[in-house]
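Notes for the one structure printed next.
Values quoted throughout were computed directly from the atomic coordinates according to the rules given, and no laboratory measurement underlies them. Remember, it's a predicted structure, so these values are computed and weren't measured experimentally. Counting neighbours? That spans all protein chains shown, and the Cβs are built from the backbone with ideal geometry, glycine included.
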Protein chains: 2
Amino acid sequence: MSRELLFKSEHLQKTGSFKVRGALNAALQLDGPRGLVTLSSGNHAQGVAFSSRVLGVPCVVVMYEDASETKKAAVRSYGATVVDEGVTRLNGEERVRAIAAERGFHYIHAYDDAQVMAGQGTQALEFTEQTGAPEAVLVAVGGGGMISGIATVIKAVWPGTRVIGVEPAAADDTRRSLLAGRRIRLEAPPRTVADGVQTMMPGALTFPVVQKYVDEVLAVREESILEAQRLMMRHLKQVVEPTAGLTLAPLLEGAELPRRLGLFVCGGNWLP
Amino acid sequence: MSRELLFKSEHLQKTGSFKVRGALNAALQLDGPRGLVTLSSGNHAQGVAFSSRVLGVPCVVVMYEDASETKKAAVRSYGATVVDEGVTRLNGEERVRAIAAERGFHYIHAYDDAQVMAGQGTQALEFTEQTGAPEAVLVAVGGGGMISGIATVIKAVWPGTRVIGVEPAAADDTRRSLLAGRRIRLEAPPRTVADGVQTMMPGALTFPVVQKYVDEVLAVREESILEAQRLMMRHLKQVVEPTAGLTLAPLLEGAELPRRLGLFVCGGNWLP
């Protein structure tokens, strides 16, 4: 079957990913914050750091000690301070809350925040203004901030369009949670090339929205994610990160999908 | 100094490079050719193969035996036949002329052909329609087909704009030829990461045009070419080939250049 693929290109967004939408929306709701703080190893970190520069307030980003130096450098380039000494997946949340309390900074969570979710939805709003309704849209799923925002918009504007989430099979907490009807936590931090979706459990705020508006969540293999990323770079000539490959991967695995599809390309922060 | 850089993005062109412009223009001038044949290891090969499909005629591409399998596969994907057995830089031209004579196919030269040069110039024509005059344009120089077409257009439309060629220092046949006032042949096939400009001597047809319209030719180091390519991928999120890095490389080396620059991005056929 010949298909029509429509790519929403958030790798071309400020900071190289859609994450700045949610971070900036949350930051702009605040009434004179003393500063911003967040916990993120990736694109949300840059989104919050960029937002702090827009607001002209200080920013601290707590990053896991093993996060890449490139990502830490990117965060610093926006003027933010990186705190990473001894930060692990087990104590990161505690560290960020301590900094928020000590310094009186506002903590912008990476996904479990209504303003963040709404901000992520604006990419779908733009998409609906730029094309006619596809039969389905494909969206990478991590903590659920992106897909909850997108699904809310898509179902409001195009009720007939299916919203399909995609997770790595190695990090399928949302797929499992939907099947169980409650939030399931993975037993260990997932290992996947899709480093943008390494969450262990859907968010408390995002999950009900996912349950309400997302039609299904597919799980794909690591090789499919990387092959999808390669195909997008080879044929679209766009630099996209592995996590962006999630949207194309189900087609490579022969998933049953309609003909006209919208693919949300989440980011391009990847170095060849 | 803060600069304004305008990129003409031919990595997004059909076949992934500007080369299809010249090949197709040459092919469309022919009166019912029996077939097309060319000699090329790279983007011109795909341009001619694509053109043969547009015309609906057979195509043979002579490629050096050591050319990458990826490039050979790309040529075959357009329906062309690849001839590579025993083909070297010394006998390639002879082989392509023999095939042209035997089969009655038209040989479209990669650069030394007035229709090819004119076709390459169309990218500059589009560029002049899309923006105001920059103070200078930067163009990669191989055999001279691209820069002769571009320079002809630029000087006609924007006489005050400087046309600056860029070569790898390891393949500076055109820079040397301009200094000598006659075509200089390199002593050996050049080794450079910029595989799109590995010619040994400017063309007989292209060189007089280069002498007439090109203001200067700069030579840059291999590391600058690769660093420029990386910067373009990292910040523009576009997949460009090393040869495209030639346009940005002089800025990394601190070359004296004006503030507003046009950069002709020649192609994006590169696999991370």
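Cα-Cα pairs above 22 Å in the stretch A:1-150: how many percent? More than 22 Å apart: 40 percent of the Cα pairs in the stretch A:1-150. Only helices enter the 222 nm calculation for the protein assembly as shown: every DSSP H run of n ≥ 4 contributes -39,500 (n - 2.57), and dividing by all residues gives -12000 deg cm²/dmol, rounded to 500. If you take every DSSP beta bridge fully contained in the protein assembly as shown, what fraction is antiparallel? Give it as a percent rounded to 5. So the antiparallel bridges amount to about 5 percent of the total. Packing around the peptides B:107-117, B:59-69, taken as the average count of other Cβ atoms within 10 Å per residue, puts them in this order, highest first: B:107-117, B:59-69. Axis angle, to the nearest 10 degrees, between helix A:114-130 and the longest C-alpha principal axis of chain A: 40 degrees.
Hey, got a sec? Which trypsin sites (Lys or Arg not before Pro) in the stretch B:212-265 land in a DSSP loop and have at most 13 other Cβ atoms within 10 Å?
Answer in residue order: B:R259.
Of all chain A residues, the one whose Cβ lies closest to the rotation axis that maps A onto B, given with that distance rounded to whole Å, is A:P272, 2. Legend: residue pairs B:K19/B:K72; B:K19/B:K237; B:K14/B:K72; B:K14/B:K212; A:K155/B:K237, Cα-Cα distance threshold 19 Å; pairs beyond threshold, B:K19/B:K237; B:K14/B:K212; A:K155/B:K237. Once you've got the GNM for chain B with C-alpha springs shorter than 10 Å, pick whichever of B:P250, B:P168, B:P189 has the biggest mean-square fluctuation. Of B:P250, B:P168, B:P189, the Gaussian network model singles out B:P189 as fluctuating most.
The percentage of C-alpha pairs in the protein assembly as shown whose separation is greater than 29 Å is 58%.
Peptide A:237-246 has a mean of 4 when you count, residue by residue, the C-beta atoms of other protein chains within 10 Å of its C-beta. Per-residue Cβ neighbour counts within 10 Å put A:T81, B:T243, B:T192 in the sequence A:T81, B:T192, B:T243, beginning with the fewest. Of the two radii for the stretch A:160-229, the radius of gyration is 0.97 times the Kirkwood radius, both from the alpha carbons; that is the Rg over Rh value. What's log10 of I(q)/I(0) for the stretch B:113-218 at q = 0.16, 0.23 Å⁻¹, Debye sum over Cα points only, no solvent? Values, matching the q order: -0.64, -1.21. Pairs of alpha carbons in chain B separated by more than 34 Å make up 13% of all such pairs. Here chain B is treated with +1 on each Lys and Arg Cβ and -1 on each Asp and Glu Cβ, and its dipole about the Cα centre works out to around 400 debye.
Return the loop-located trypsin sites (Lys or Arg not before Pro) in the stretch B:166-209 (DSSP other than H, G, I, E, B) with at most 13 other Cβ atoms within 10 Å of their own Cβ; answer none if there are none.
Those that pass, being in a loop and sparsely packed, are B:R182, B:R185, B:R191.
Helix A:92-103: angle to the longest alpha-carbon principal axis of chain A, degrees 0 to 90, nearest 10? Compared with the principal axis, the helix lies near 40 degrees.
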